[in-house]
Amino acid sequence: MPAYSTNMRLKFPILALTLEIITIILFGVFVDYDDGKHGGHGAHNTTHHKEKKDPLTLYPMFQDVHVMIFIGFGFLMTFLKRYGFSSVGLNLLLAAFALQWGLIMQGLWHLDDGKIKVSIFKMINADFSTATVLISFGAVLGKTSPVQLLIMTILEITIFSINEHLVAEILEVSANDVGASMIIHAFGAYFGLAVARMLYRPALRNSHENDGSVYHSDLFAMIGTVFLWMFWPSFNSAIAESGTDQLMAVTNTYFSLAACVLSAYAVSSLVEHKGKLDMVHIQNATLAGGVAVGTCADMDIGPFGAMIIGFVAGIVSTLGFKFLTPILASNLGIQDTCGVHNLHGMPGILGGIAGIVAVALGKKKGSAAMQGAALASSLGFALVGGTITGLIMKLPFWGQPPDQNCFDDSIYWEVPGEEEEEGEESLAHGDQKAEA
Amino acid sequence: MPAYSTNMRLKFPILALTLEIITIILFGVFVDYDDGKHGGHGAHNTTHHKEKKDPLTLYPMFQDVHVMIFIGFGFLMTFLKRYGFSSVGLNLLLAAFALQWGLIMQGLWHLDDGKIKVSIFKMINADFSTATVLISFGAVLGKTSPVQLLIMTILEITIFSINEHLVAEILEVSANDVGASMIIHAFGAYFGLAVARMLYRPALRNSHENDGSVYHSDLFAMIGTVFLWMFWPSFNSAIAESGTDQLMAVTNTYFSLAACVLSAYAVSSLVEHKGKLDMVHIQNATLAGGVAVGTCADMDIGPFGAMIIGFVAGIVSTLGFKFLTPILASNLGIQDTCGVHNLHGMPGILGGIAGIVAVALGKKKGSAAMQGAALASSLGFALVGGTITGLIMKLPFWGQPPDQNCFDDSIYWEVPGEEEEEGEESLAHGDQKAEA
Amino acid sequence: MPAYSTNMRLKFPILALTLEIITIILFGVFVDYDDGKHGGHGAHNTTHHKEKKDPLTLYPMFQDVHVMIFIGFGFLMTFLKRYGFSSVGLNLLLAAFALQWGLIMQGLWHLDDGKIKVSIFKMINADFSTATVLISFGAVLGKTSPVQLLIMTILEITIFSINEHLVAEILEVSANDVGASMIIHAFGAYFGLAVARMLYRPALRNSHENDGSVYHSDLFAMIGTVFLWMFWPSFNSAIAESGTDQLMAVTNTYFSLAACVLSAYAVSSLVEHKGKLDMVHIQNATLAGGVAVGTCADMDIGPFGAMIIGFVAGIVSTLGFKFLTPILASNLGIQDTCGVHNLHGMPGILGGIAGIVAVALGKKKGSAAMQGAALASSLGFALVGGTITGLIMKLPFWGQPPDQNCFDDSIYWEVPGEEEEEGEESLAHGDQKAEA
C-alpha cells in the first residue's frame, strides 16, 4: 500500500487550497456583477427587453438546475453500498470547484470591458459546465482519489469550454444544442470513458465485493433519480429563448421523459430474470429521455416527436446496461461504474442525431452539417481530452486507491464504526479495513 | 404460486409498450404546443392579460406540484420495510403514464381547432390527475402487481376526468374546488378503498410480517411527508385566479398546515402508549390540513378560518389512524395499507363540507347546493368506479402477488443480497424468499 | 426515572393544543390577507411598483427558504444514529408553531389598520424567525423534551422579534443584515449555547453511546446539508431590494459557499487522522460561507470579496469543530450537540464584523457604528435571553429525559422493533431500552 501513498494529508489540502486561492485571485481580476447594461448573454432573452427586466427572471430555473447538480448527480451515485460519502461528498467538492472554474473558462471568451459580468444566465452555464465533470466522475466512481478528481475537473472544464465555444460560436452557422445532448452529455460520457480506459485495472475484472448496492443505498439513489427526472425540463429549457421556444423545451422534455419511463420499465422487465425490474435500469434509463431530447428540445418536433425520442432512448439505455456494459468492461477494458455510457453516452449521440434530422427537416433554423460537426467535435474533444487527462491522472503520486480499497469510503473518509451489540447497519471501522 | 402466475416477463412489457405506443399515436393526432392564441385555460389568469404574458409564469408552481407527485407521494409510501423499491419505483411508473393519459382525457373535453394545446396550466392539471391514482395506490400498496396498477391507472384517470368535467363545467353554476379536496382527494381515496374492498384478502387480516416499518424506512417516508407539507400551498393555489385569489390560496394553506401539525402531534401523543408520538400519524395526519383546506383555499375565510379547518383535520385524521383503520380492516374488509381514508378521505369530505358552508356564508361566489352536488358526484363516481375497477383488477391473470409475498419488493424486483459477513442492512435474496 | 416524569401523555398534548388555540384566537383578532394597498413591507420592492405587481413574485424564493427550514434543518440533524425521528419530526413541530408565533410577534410592531396583513414577504420573515429556534434546537438536540422545546420556541421567538425590531428599525440609521448573519445566525447560536449551558449534564461529559452516527444516518444528514447549501442564495437575497441588490445577494452567496467548500474540505483533511475527511465537517462547515456572507450579501463587495469571506468561514468553522467544541464541553460546560457554535456562532460574528468593515469602506450606505451596535445587541439579547430561557426550561416538570435516554428517540416516539431473524437495520424496541 505505501506504493499507492493514499494518505491525503498534505497532497489534498495543498492542492485544494492552492486552487481556491488562484481562483479567488482570478475572480478579483476578471469577475464583476452584471450591471444589466449589455444584456449579458448574447442573443438570448431579447424578446421581452423593452422595459428593464428583473435580473432574477431565470432564478427559479437556475435553482432547479442547481438541485440536479448537487442532489441529483450526488445521490444518484449513492447506490454503492460503501461509497455514499464519496458519492455525495465528492460530488459537492467537485461541483463547487467546477462552477468557479467553469465561470472563468466560459467567461474568458466573452469579456465585457475586460470583465466577466455574472448574471443568473452565467451561473446556469457555470452549473452546466460542472455536469460534464460529474458525468465523467460516474465512469470512474470508486477508483480514483480526490486529488485525481480535482485534476480531472480542471482539465475537463477547460477542454469543455473550448469545445463549447467552438460549437456555439465559431462554426459559421452556430449549432443548436439547447439541452446539451452533445456538448455536455456525450462529451462528459466519452471523456469519462476515455479516462476510465486509461485507468483500467485488470484486478477489478471480476466483480469487486463492494461494487454493488444494498437495499437502502438503492433508495438513496432514487432520490437522485427522481430529482433529476423532475427538473430535467428546466435543464433543457433554462437557456432557451424565452417565450414559445422555452415552453416547447419544457413540454418536449416533460413528455420525452414520461415516454422513456414506460419503455425503460418494459425493457427492464423483458430482459431480467422472471420479468423482474432491475433498480440499475430504473435509476438510470428512465432519465435517458431527458438526455436524448436535449438537442431538439426547443425545436418544433411536436410532443409526439419528443415522445418517440424518449421512448427509443429508454430502450437503448436499458439494453446498454444489460448487454453493452459487460462487454465494454471485459473486452475493451472500460470499467464504467455508473454506466454513464448508457445514460449519457448513447442517448447523447441519439440526441445529436435527432438534432441533425430535425434541422434537416426544417424544425429549427440551422444547418444539418453544422449539427453533425458539433457532434463530431464534441466526441473528438472528449476522446482525445479524456485520454490525455487519463494519462495524467495515472501518474503514481496522486494517491489512487489500491484495488482492494476501491468502492470503499473508508480509505478517504472517517467512517462511523459498527455497533456490534445491536446488529445495526453501519460499516466496519475504516482503518481496520484499509490496513487489513 | 403458479396459480398466481406472478411472472411479469411478458404481461408487463407488452402492456406497458402497447399503452405507450397508443398514447404516442393519440398525441400525434391530438396534441400540440400552446401557441398562446386562445389563452388556453378558460377563465383563468385573465386579469393580467393586457400584454403578452410569459407562458412560463406558472412554471415554478408546476415544479412544486411535480415534486409533490414524484418525491412526495413516492417517498411517503417507502415507510414499509421491504417495499421501498415498489413505492418510489411504481409511483414513478404510474405517474409517468398517468400524466400522459390524463392530458388526453382532460383535454378531449376542450379541443381547440381539434387539438389539445399544451401549456404549463395543462401540465399542472395532468400532474393533478395523477394524484388520484397515487392516492388509490396507497390503499392497495403491497397487494397488487404492476399490471393491475396500470389497469387501475387507465380506468381511474378516465373516470376522474368525467367527474372533473361534470363538476367544473356541466353543473349549472360550476362548483369551487381549487385545491381539489373533493375531486382529487376524496375521489382518489374512496376509489382506492372501493378497489381495496374488492381485492380483500382474508389471510392478511392478521398483521403480515412485512406490513411495518424499520427505522430508516420511516426516515425515507419523512422525505415524502415534508416535501408534500412544504409545497402544498402550491398545489392548492396553482390553478387559482392569479393575484389576490392565488395569494389567499397560498396563505390559507400555509396556516392550515401549520395548525394541523400542532393538533396532529397533540392527539398522537394523547392516544399512544405513555404519550409517545407515532410516526404513522406524523407522516400522514400533519398533511390533512392541506387536503381539508383545498376547496376553500381561494375563499375569503380568513387565515384563522383556515387554521380552524387545519386544526380539526389534524385531529380527525389522527383519530382515524388510531381507531377507524383497524375497524375498516376487521369489520368491513377494507385493508387500507397507507391509511388513505384518514389522510385523503375524511379530510377531503371535511374540505367539501367546509366549502359548502363557506359558499353559503358568501365567502366566495357560488351555490352551496352545487358544492354539495360536487361532493356527492365525486363520492359517487369514486365508489362505483372503484368497485368496477376492483372487479376488473381481480381477474386472475394480472399477476396479483400471493398473500405470503405481499409487501415484499422481491416478487417484482431484483433485490440486492444480504451481506452476511457484515451484519449490514440489506434484504435476503428476493428469490430465496419468493421460492421458500 | 419517575423523578424525571418523562411521560408526555398529558403535558405535551395540553400544551400543544392550548398554544394552538391561543394562536388561532390571536390570528382571528390580528391577522388578515394582504390587500396590496400599503405595499406591505416598507421600503422593499418599491423599484418596480409602477404597475400593480403580482403578489406572488417572491413565492419561488419563499419556497426555497421553506425547504431550508423543513428539509434543510430537519435532515441536517438526522446524523445521530437513534435520533432521526426527533430531528426531523420535532423540527417540523417547532417550525410549524414558530412560524405562526413569529408572524404575530413580528407583525405586532407594524400593524396596518390594526391588522397584520399577510404577504409572501411576511411569510418569508415568519420562516426566518423559525430559523433562530432551529439553530438553538441544534445546541440542545437529544437532551430536551418536546415540552421544553415548545417553551423555548415561545420565548426565543419573542426575544428575537424584539432584537430584530431594535436592529432593523429603532437604531437611528438602521443596520444592514440582509442575510441575517447577526440577528438570526449569531443570535440563534448564542441563545442555544446559553440554554445548553443552563442545562449542563455532567454525566454526558464522557461521550454517550448514542451520541454518534451510523453510515446511513450520515447520508440522511447530507440531504439536509445539500438543500441548505443550494438554497442559501435565496435565504440571503429573499428580502433584499429587488433588482441589482438582489442579484448581488444571490451572486455573493453562491460564490462564498463555493469557496467555503474547498477550504472546509482542505482543513478537514489537514486536521484528521491520515488526511481523511470527517463527515461532521463536511455536513456543517461547508455551509459557514452562507452564514458569514449574510450581512454583506447585498453590498458591493465584489464576488472575490464574498469568496474571501466564505474561504475564511470554512477554515474557522472546521477548526472550531476539531478544537473548540471539545473545549467548550469539557471546560465551559457547554455541550453543543450539533456544533452550532461552529456553523452559526463564529461565522455569524464573522459576518457581523465583515459587515462593519464593508460599511466602513463604503460598500453600502450605513454606519459602521450601527453595524457594531446591531452585532452587540444580537449577542446581548441572545446570551441574556438564552440564560433566562434555560433556567425556565430547567424546571423539573417539563419531562426532560434522564441522562441514559438522551439522544434516543424511543423515549418520546414509538420506534419500530428489530427484526432479529433478519439481521436487518432497525432499533431495539424503545420500551425495552427506556425501561432497562
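The values are calculated or read from the model by the stated rules, or taken from the named source; none is laboratory data. The structure displayed is predicted, hence computed values, not measured ones. FYI the Cβ positions are ideal-geometry reconstructions off the backbone, even for glycines, and counts take in every protein chain you see.
For the stretch C:201-242, which residues satisfy the criterion of being of a type in the set (A, V, I, L, M), in contact with a helix residue (DSSP H, G or I) (Cβ under 7 Å, 6 or more places away or on another chain) and closer than 29 Å to A:S213 by Cβ? Correct list: C:L219, C:A221, C:M222, C:I223, C:V226, C:L228, C:M230.
What about B:G89, is it under 30 Å from B:H208 (Cα atoms), within 9 Å of chain A (Cβ to nearest Cβ) and either buried (at least 24 other Cβ atoms within 10 Å of the Cβ) or out of contact with any Lys or Arg (no Cβ under 7 Å at 6 or more places or on another chain) (or both)? So B:G89 passes the test.
Residue count for the stretch C:209-229, restricted to those that are surrounded by fewer than 24 Cβ atoms within 10 Å (Cβ to Cβ) and without any contact (Cβ under 8 Å) to a residue 40 or more places away in the chain: 1.
Looking only at the stretch A:399-419, which residues are polar (S, T, N, Q) and either under 23 Å from the mean Cα position of the chain (by Cα) or under 14 Å from A:L141 (Cα atoms) (or both)?
Answer for the stretch A:399-419, where residues must be polar (S, T, N, Q) and either under 23 Å from the mean Cα position of the chain (by Cα) or under 14 Å from A:L141 (Cα atoms) (or both): A:Q400, A:N405.
When the criteria are applied in full, B:A376 fails the requirement of being more than 30 Å from B:H281 (Cα to Cα), surrounded by fewer than 24 Cβ atoms within 10 Å (Cβ to Cβ) and of a type outside the set (D, E, K, R). Quick check on the stretch B:200-216. Is at least one of its residues touching a Gly at 6+ places or on another chain (Cβ under 6 Å), at pLDDT 95 or above and either on the phi > 0 side of the Ramachandran plot or not in a loop (DSSP other than H, G, I, E, B) (or both)? Among the residues of the stretch B:200-216, not one is touching a Gly at 6+ places or on another chain (Cβ under 6 Å), at pLDDT 95 or above and either on the phi > 0 side of the Ramachandran plot or not in a loop (DSSP other than H, G, I, E, B) (or both), which makes the answer no.
C:N206 passes every criterion in (1) free of Cβ contacts under 8 Å to residues at least 12 places away in the same chain; (2) more than 9 Å from chain A (Cβ to nearest Cβ); (3) in contact with a Leu (Cβ under 6 Å, 6 or more places away or on another chain) apart from (3).
Quick grid of which residues meet (1) under 27 Å from A:G84 (Cα atoms); (2) touching a residue at least 12 places away in the same chain (Cβ under 8 Å); (3) of a type outside the set (A, V, I, L, M):
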position	(1), (2), (3)
C:P233	yes, yes, yes
C:E241	no, yes, yes
C:Q246	no, yes, yes
C:N252	no, yes, yes
C:C260	yes, yes, yes
C:Y265	yes, yes, yes
C:S269	yes, no, yes
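When the stretch B:143-158 is filtered for residues that are outside any helix (DSSP H, G or I) and buried (at least 24 other Cβ atoms within 10 Å of the Cβ), only B:T144 remains. When the stretch C:100-116 is filtered for residues that are within 13 Å of chain B (Cβ to nearest Cβ) and under 26 Å from C:M68 (Cα atoms), the ones remaining, listed by number, are C:Q100, C:W101, C:G102, C:L103, C:I104, C:G107, C:I116.
Among the residues of the stretch A:393-436, those that are in a helix (DSSP H, G or I) and either within 14 Å of chain B (Cβ to nearest Cβ) or at pLDDT below 90 (or both) comprise A:D409, A:S410, A:G430, A:D431, A:Q432, A:K433, A:A434, A:E435. Please tell me if A:V261 is more than 7 Å from chain B (Cβ to nearest Cβ) and assigned to a helix (DSSP H, G or I). No: the conditions fail for A:V261.
Any idea which residue in the stretch C:268-277 is nearest to the other protein chains (Cβ to nearest Cβ), counting only those that are in a helix (DSSP H, G or I) and not aliphatic (A, V, I, L, M)?
Per the criteria, the residue is C:G275.
Given the structure, is B:M77 away from every other protein chain (no Cβ under 11 Å), hydrophobic (A, V, I, L, M, F, W, C) and more than 23 Å from A:M222 (Cα to Cα)? No. Would you call C:V280 more than 7 Å from chain A (Cβ to nearest Cβ) and closer than 17 Å to C:H341 by Cα? Yes; evaluated as a whole, the condition is true for this residue.
Checking the stated criteria, C:I309 turns out to be of a type in the set (A, V, I, L, M, F, W, C), modelled with pLDDT of 95 or more and in contact with a helix residue (DSSP H, G or I) (Cβ under 7 Å, 6 or more places away or on another chain).
Checked across the stretch A:123-130, the condition of being farther than 27 Å from A:I170 by Cα and under 13 Å from the mean Cα position of the chain (by Cα) holds for no residue.
In the set C:A358, C:A382, only one residue is modelled with pLDDT of 95 or more and touching a Cys at 6+ places or on another chain (Cβ under 7 Å); that residue is C:A358. For the stretch C:231-253, the candidate set comprises residues that are assigned to a helix (DSSP H, G or I) and surrounded by fewer than 24 Cβ atoms within 10 Å (Cβ to Cβ); within that set, the residue that is farthest from the other protein chains (Cβ to nearest Cβ) is C:D245. When the stretch A:117-176 is filtered for residues that are without any contact (Cβ under 8 Å) to a residue 60 or more places away in the chain, over 30 Å from A:T6 (Cα atoms) and more than 14 Å from chain C (Cβ to nearest Cβ), the ones remaining, listed by number, are A:S161, A:E164, A:H165, A:A168, A:I170. Of the residues A:A126, A:A131, A:A139, A:A98, the single one that is in contact with a Phe, Trp or Tyr (Cβ under 9 Å, 6 or more places away or on another chain) and under 19 Å from C:F311 (Cβ atoms) is A:A126. Would the stretch B:284-306 turn up any residue that is more than 9 Å from every other protein chain (Cβ to nearest Cβ), touching a residue at least 60 places away in the same chain (Cβ under 8 Å) and more than 24 Å from B:G188 (Cα to Cα)? Yes: one or more hits.
Residue count for the stretch B:179-198 under the criterion of being assigned to a loop (DSSP other than H, G, I, E, B) and touching a helix residue (DSSP H, G or I) at 6+ places or on another chain (Cβ under 6 Å): the result is 1.
Identify, from the list C:A168, C:A139, C:A180, C:A175, the residue that is surrounded by fewer than 24 Cβ atoms within 10 Å (Cβ to Cβ) and of a type in the set (A, V, I, L, M, F, W, C).
Numbers: C:A139 fails: surrounded by fewer than 24 Cβ atoms within 10 Å (Cβ to Cβ); C:A180 fails: surrounded by fewer than 24 Cβ atoms within 10 Å (Cβ to Cβ); C:A175 fails: surrounded by fewer than 24 Cβ atoms within 10 Å (Cβ to Cβ).
Residue meeting the stated conditions: C:A168.
Of all residues in the stretch C:216-230, those that are more than 7 Å from chain A (Cβ to nearest Cβ) and under 12 Å from C:L80 (Cβ atoms) total 3. Restricted to the stretch C:288-370, the set of helices (runs of 4 or more DSSP H) holding at least 3 residues that are surrounded by fewer than 24 Cβ atoms within 10 Å (Cβ to Cβ) and not aromatic (F, W, Y) comprises C:302-319, C:325-331, C:346-360.
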